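Reviewing the structure listed below.
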Amino acid sequence: VRTEVALRKALARNELTLYYQPKVDVELGTIVGAEALLRWQVNGEDVYTPEEFVPVAEDCGLIVTIGEWALREACRQAEIWTRLYRPLSVSVNVSALQFQHTRFLDSLQAILAETKLHPTLLELEVTERTVMEGGDHIVELLHKIKALGVTLSLDDFGTGYCSLSYLKHFPVDTLKIDRAFIRDVAWDNDSAAIVSAVVTMGKGMNKQVLAEGVESMDQATFLGSVGCSQMQGFLFGKAMPAREFEERISVVD
Ligand code: G
Ligand code: G
Ligand code: MN
Ligand code: NA
């Protein structure tokens, strides 16, 4: 029953929660932030994965409400962690539909004001597809978001269908290299060449580069050797409940 009705009920019953996956900087040797990821749970058990229910929410438009909730919740949480421990950034995935909604910028500003999270500690993750299909006003919107101090990352970088030239036009701060490229990086020459080139390109363009899906030390070592120090993946931690993430940051690491 992956329907709109079921999703609405889930929202009303507070069955949607956010998990947090650590983002680390291996040069600094610390967790620098987290990516907030939606979970639909009943009694602590996942009922549907985000791959299953996010597309449904997108189709019926509920992603606007859900996305706004997730944004507020992630900001609220990051502000608490920053106040209790140290500055930690939070990355929130934003769907195309949510992004294109007329009230997105207003709601973003309202959430920042309400939660008092320093805007530079919020990163919005958009996909190549979202920016490509967004039309001319997307560039303007991205600039307005950046004017608030909020940072932008291109999620699943390299898997979209667009040309590199768009990178010149979209003011994103970070490239998140898709885990499909990281998977084989320790032994496959082509993957290694692509990743190395993306890191060089990103740095040349004054962007941060983060590798997703890092699962092994071999992968992390390779990434370090080509100058990519920001990583996310099972090697450092899966997405976890807020309380568990807080335990990770509250110990000196
Ligand atoms: O958490 P992973 O565990 O399974 O997430 C799967 C996918 O679901 C992610 O790639 C991401 O694109 C999407 N997703 C997770 N959380 C959110 C969210 O808050 N908003 C949107 N739009 N997508 C999300
Ligand atoms: O598309 P997006 O990157 O926003 O979503 C992240 C997805 O990647 C989530 O589904 C998350 O569970 C998954 N993921 C995160 N780290 C790893 C990893 O190290 N290996 C694999 N296979 N998947 C991961
Ligand atoms: Mn993401
Ligand atoms: Na991704």
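The values are calculated or read from the model by the stated rules, or taken from the named source; none is laboratory data. These numbers were taken from a predicted model, which means no experiment stands behind them. Neighbour counts run over all protein chains shown; Cβ positions are idealised from the backbone, glycine included.
Only residues that are away from ligand 1 (no atom under 16 Å from the Cβ), over 17 Å from LEU141 (Cβ atoms) and surrounded by fewer than 21 Cβ atoms within 10 Å (Cβ to Cβ) were counted across region 169-185, and they come to 1. In the set (1) within 16 Å of ligand 4 (Cβ to nearest atom); (2) over 30 Å from ARG39 (Cα atoms); (3) out of contact with any helix residue (DSSP H, G or I) (no Cβ under 9 Å at 6 or more places or on another chain), ILE194 fails one condition alone, (3).
Taking the criterion of being in a strand (DSSP E or B) and without any contact (Cβ under 8 Å) to a residue 40 or more places away in the chain, the only residue of region 167-207 that qualifies is LEU175.
Per-residue answers, yes or no, for (1) among the basic types (Lys, Arg); (2) in contact (Cβ under 8 Å) with a residue 12 or more places away in the chain; (3) more than 16 Å from ligand 4 (Cβ to nearest atom):
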{"position": "TYR20", "(1), (2), (3)": "no, yes, no"}
{"position": "TYR48", "(1), (2), (3)": "no, yes, yes"}
{"position": "ARG72", "(1), (2), (3)": "yes, yes, yes"}
{"position": "THR82", "(1), (2), (3)": "no, yes, yes"}
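The condition of being touching a residue at least 40 places away in the same chain (Cβ under 8 Å) and either assigned to a helix (DSSP H, G or I) or within 16 Å of ligand 1 (Cβ to nearest atom) (or both) holds for SER153.
Quick grid of which residues meet (1) surrounded by fewer than 19 Cβ atoms within 10 Å (Cβ to Cβ); (2) within 16 Å of ligand 3 (Cβ to nearest atom):
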site	(1), (2)
ARG129	yes, yes
LEU154	no, yes
GLY160	yes, yes
SER163	yes, no
TYR166	yes, no
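Scanning region 236-253 for residues that are loosely packed, with under 15 Cβ neighbours inside 10 Å and within 16 Å of ligand 4 (Cβ to nearest atom) gives a single hit, LYS238.
Among the residues of region 51-72, those that are surrounded by 17 or more Cβ atoms within 10 Å (Cβ to Cβ) and more than 11 Å from LEU117 (Cα to Cα) comprise PHE53, VAL54, ALA57, GLU58, LEU62, ILE63, VAL64, ILE66, GLY67, GLU68, ALA70, LEU71.
One line per residue, one yes/no per condition, for (1) on the phi < 0 side of the Ramachandran plot; (2) of a type outside the set (Lys, Arg); (3) at pLDDT below 95; (4) in contact with a helix residue (DSSP H, G or I) (Cβ under 8 Å, 6 or more places away or on another chain):
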{"site": "ASP25", "(1), (2), (3), (4)": "yes, yes, no, no"}
{"site": "ALA36", "(1), (2), (3), (4)": "yes, yes, no, yes"}
{"site": "TRP40", "(1), (2), (3), (4)": "yes, yes, no, yes"}
{"site": "ASN43", "(1), (2), (3), (4)": "no, yes, yes, no"}
{"site": "GLU68", "(1), (2), (3), (4)": "yes, yes, no, yes"}
{"site": "GLU73", "(1), (2), (3), (4)": "yes, yes, no, no"}
{"site": "ILE80", "(1), (2), (3), (4)": "yes, yes, no, no"}
{"site": "ALA96", "(1), (2), (3), (4)": "yes, yes, yes, yes"}
{"site": "LEU105", "(1), (2), (3), (4)": "yes, yes, no, yes"}
